[in-house]
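Asks: Handing you this structure, nothing more for now.
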Amino acid sequence: MSRITLSNLAHSYLANPKGDDDFALKEMDHVWDDGGAYALLGASGCGKTTLLNIISGLVRPSQGRVLFGDRDVTDAATTERNIAQVFQFPVVYDTMTVRDNLAFPLRNRGMDAAYIAKRVAQIAQMIGMEDILSKKARGLTADAKQKISLGRGMVREDVNAILFDEPLTVIDPHMKWELRTQLKSLHREFGHTMIYVTHDQTEALTFADKVVVMHEGRVVQMGTPEELFETPEHTFVGYFIGSPGMNLFEAEISGSEARLQGVKVALGAAYGPTTGRTQIGIRPEYVTVSDEGMPVTIKRVEDVGRHRILRAELGGQPLNAMLPEGMTIPADGARVAFAPAKINVYANDWRVAPGDVRKGA
Amino acid sequence: MDKTQNNKAWFLVLPVLLLVAFSAVLPLMTVVNYAFNDTFGQNEFFWEGLGWFEEMVTSDRLHDALGRQILFSGIILLIEVPLGIFIALNMPGKGFWGSFCLVLMALPLLIPFNVVGTIWQIFGRVDIGLLGHGLAALGIDYNYTNDPIDAWVTLIVMDVWHWTSLVALLAYAGLQSIPQAYYQAARIDQATRWSVFRYIELPKMKGVLLIAVLLRFMDSFMIYTEPFVLTGGGPGNSTTFLSIDLAKMATGQFDLGPAAAFSLMYFCVILLISWVFYTAMTNLDREENR
């Protein structure tokens, strides 16, 4: 087990990348702490899997280094890295029994038979397959096969890290929950570094201590679920995390005040002058509907079960707000107010810290 | 929904049935006729019963030919299947060299059988052939027309040259259908090269390999043209395989009765072995789908 450092890392699948667009992964420097549970979150095609494959050594990065602890493993083969990875679709060795499948990584490392038997029994119990250990893997259903893949990923105790590449895609919902809980308890028990790739925010937020959000080949934010929620560093994080995502409005900033289509909105702090496209963002959870404030045009109200969502327009720009239980909406047009401390300011999609000037590129 | 039962559709098979009857079934019946009768020409037949069959079953000549045939098929299968797999494993996967290799591999398969025989017949000649002359120049005593061992070696090398490509191409097709994720998982699991072959590649190639073995077995068991052109069954009878012996008996000695009995048994053996293969293959499929 060791800390994983990505230094100056970038990757392009082309032989001679020209511009920024040719890179599947843009240059990045990141440290993944030993024993951390990370979720790598982002839309499809944003470079999550590429990053994972670089860490496991299946892909060699076009530039930069990968370090495990203090050891440079950039040029080390996958087999030397002692890392476990579970893929999106099940990979089992068809001709082997479930038992042999689980034992395979241990046998390849030359462990002794008694230890293998003990370890396989533990893992089998965890994935609930003790009764079919002697069955051939070939005839099993897709989710049973994926459980074997997961089991194979976790059977080695001395791995540097366990990487999960959207492992629960083919598993049915109730089993998904159960397996995720087991992964979590496994993490607490053994303290392996775990990196879990997903495009499902619930999965990411429930699994990880730290969530890494990727967008177009870039890590846009690495933080706790709370940080991602309260202070998204990039408008993509605001939009991707939360349901519905953050409201964004074109605005002009002067001091501690934002002007949105002539309406003044108070901000929680004073900001320096911004350049480029300026927006303010506020979570629907922090928009209150009341008799005072800015007038909005109501489009519709959606009942999503636990709460209702107001879909409206503010100065021609869409706005979502959470409605408290039992609240009625005035027929003659509602008004909304923003919680000043919860407003974030963005210049060219990147968050501007109060009192700071972030120049747009 | 109930399916409409209409067995009139069977009549659609009739044209093919007629065609096959005239091209295959009727000639075969003539053979059957000859196998149970004796004749001195002029379309006059005398009932012989199982006489020809008894004669053939106990004939040393046939036993020897069968022995040589089994040895030949066995040897070429033992060489071509592993060699074909080995070549397929080492072929470049994609790009220019991949296509180049595929074309190169397909070339021997496109050459007509008697041309292959002629090529090797000349290639192996000690006076003008590149191989024969070259070996002689190296001081190796090689002459496929005199020495039975040399004749066998030449025949086997020729067959390997001609047909290994088929096994290689089939194995290659099997290998190409393996998703990349399997290889990645094997690397993650720290599998050795042998384990990758044993647990990933071989199981995925099993289906096509079985077809390759079946095709190569049937073809080699019926082999006629190439050895006939190359050695004519000689020296002596050392490369007289079943079909060569059969042709000698039927068209050389004009022993139509024994030859007919012989060919019927020959036919049954091939049918039987093909059936065994077919059953094995379908059983395998069923097991896989279970």
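The values are calculated or read from the model by the stated rules, or taken from the named source; none is laboratory data. As the structure is a prediction and not an experimental result, all values here were calculated from the model. In this analysis, Cβ positions are derived from the backbone assuming ideal geometry, glycine residues included, and neighbour counts consider all displayed protein chains.
Asks: Identify, please: which residue in the range A:151-170 is of a type in the set (A, V, I, L, M) and more than 19 Å from the chain's Cα centre (by Cα) and is, among those, surrounded by the most Cβ atoms within 10 Å (Cβ to Cβ)?
Replies: A:Met154
Asks: Can you tell me how many residues within the range A:75-109 are touching a Pro at 6+ places or on another chain (Cβ under 6 Å) and either more than 9 Å from every other protein chain (Cβ to nearest Cβ) or of a type outside the set (Asp, Glu) (or both)?
Replies: Residues in the range A:75-109 being touching a Pro at 6+ places or on another chain (Cβ under 6 Å) and either more than 9 Å from every other protein chain (Cβ to nearest Cβ) or of a type outside the set (Asp, Glu) (or both): 2 in total.
Asks: Here's a follow-up. Is it the case that the range A:131-150 has a residue that's within 14 Å of chain B (Cβ to nearest Cβ), touching a strand residue (DSSP E or B) at 6+ places or on another chain (Cβ under 7 Å), in a helix (DSSP H, G or I) and closer than 19 Å to A:Leu40 by Cβ?
Replies: Checked against the condition, which is being within 14 Å of chain B (Cβ to nearest Cβ), touching a strand residue (DSSP E or B) at 6+ places or on another chain (Cβ under 7 Å), in a helix (DSSP H, G or I) and closer than 19 Å to A:Leu40 by Cβ, the range A:131-150 yields at least one hit.
Asks: I'd like to verify a number: residues in the range B:127-153 that are assigned to a helix (DSSP H, G or I) and either over 27 Å from the mean Cα position of the chain (by Cα) or surrounded by fewer than 17 Cβ atoms within 10 Å (Cβ to Cβ) (or both), how many?
Replies: 9
Asks: Can you name the residue in the range B:192-212 that is away from every other protein chain (no Cβ under 14 Å) and in contact with a helix residue (DSSP H, G or I) (Cβ under 6 Å, 6 or more places away or on another chain) and, of all such residues, is surrounded by the most Cβ atoms within 10 Å (Cβ to Cβ)?
Replies: Per the stated criteria, the residue is B:Ala212.
Asks: Check off (1) at pLDDT 85 or above; (2) in contact with a His (Cβ under 8 Å, 6 or more places away or on another chain) for A:Leu186 and give me the number that stays unchecked.
Replies: If we test A:Leu186 against (1) at pLDDT 85 or above; (2) in contact with a His (Cβ under 8 Å, 6 or more places away or on another chain), just (1) comes out false.
Asks: If you don't mind, another one. Every residue in the range A:33-52 that is touching a residue at least 24 places away in the same chain (Cβ under 8 Å) and out of contact with any Leu (no Cβ under 8 Å at 6 or more places or on another chain), please.
Replies: A:Asp33, A:Asp34, A:Gly35, A:Gly36, A:Ala37, A:Tyr38, A:Leu41, A:Gly42, A:Ala43, A:Ser44, A:Cys46, A:Thr49
Asks: Take the range A:204-249 and flag every residue that is part of a strand (DSSP E or B), touching a Leu at 6+ places or on another chain (Cβ under 7 Å) and either under 14 Å from A:Ala347 (Cα atoms) or at pLDDT below 85 (or both).
Replies: Within the range A:204-249, A:Phe249 is the sole residue that qualifies.
Asks: When you scan the range B:30-66, how many residues do you find that are farther than 23 Å from B:Phe221 by Cα, of a type in the set (A, V, I, L, M, F, W, C) and part of a helix (DSSP H, G or I)?
Replies: The total comes to 1.
Asks: On the given criteria, is B:Gly117 over 20 Å from B:Tyr224 (Cβ atoms) and either touching a strand residue (DSSP E or B) at 6+ places or on another chain (Cβ under 7 Å) or part of a helix (DSSP H, G or I) (or both)?
Replies: For B:Gly117, the condition - over 20 Å from B:Tyr224 (Cβ atoms) and either touching a strand residue (DSSP E or B) at 6+ places or on another chain (Cβ under 7 Å) or part of a helix (DSSP H, G or I) (or both) - is not met.
Asks: Go over the candidates A:Gly57, A:Gly128, A:Gly64 one by one and state the one that is within 14 Å of another protein chain (Cβ to nearest Cβ) and among the small types (Gly, Ala, Ser).
Replies: Checking each option against the conditions leaves just A:Gly57.
Asks: Quick test for you: out of B:Thr58, B:Thr39, B:Thr30, pick the one residue that is more than 23 Å from the chain's Cα centre (by Cα), under 18 Å from B:Ala247 (Cβ atoms) and of a type in the set (Ser, Thr, Tyr).
Replies: Going through B:Thr58, B:Thr39, B:Thr30 in turn, just one is more than 23 Å from the chain's Cα centre (by Cα), under 18 Å from B:Ala247 (Cβ atoms) and of a type in the set (Ser, Thr, Tyr): B:Thr30.
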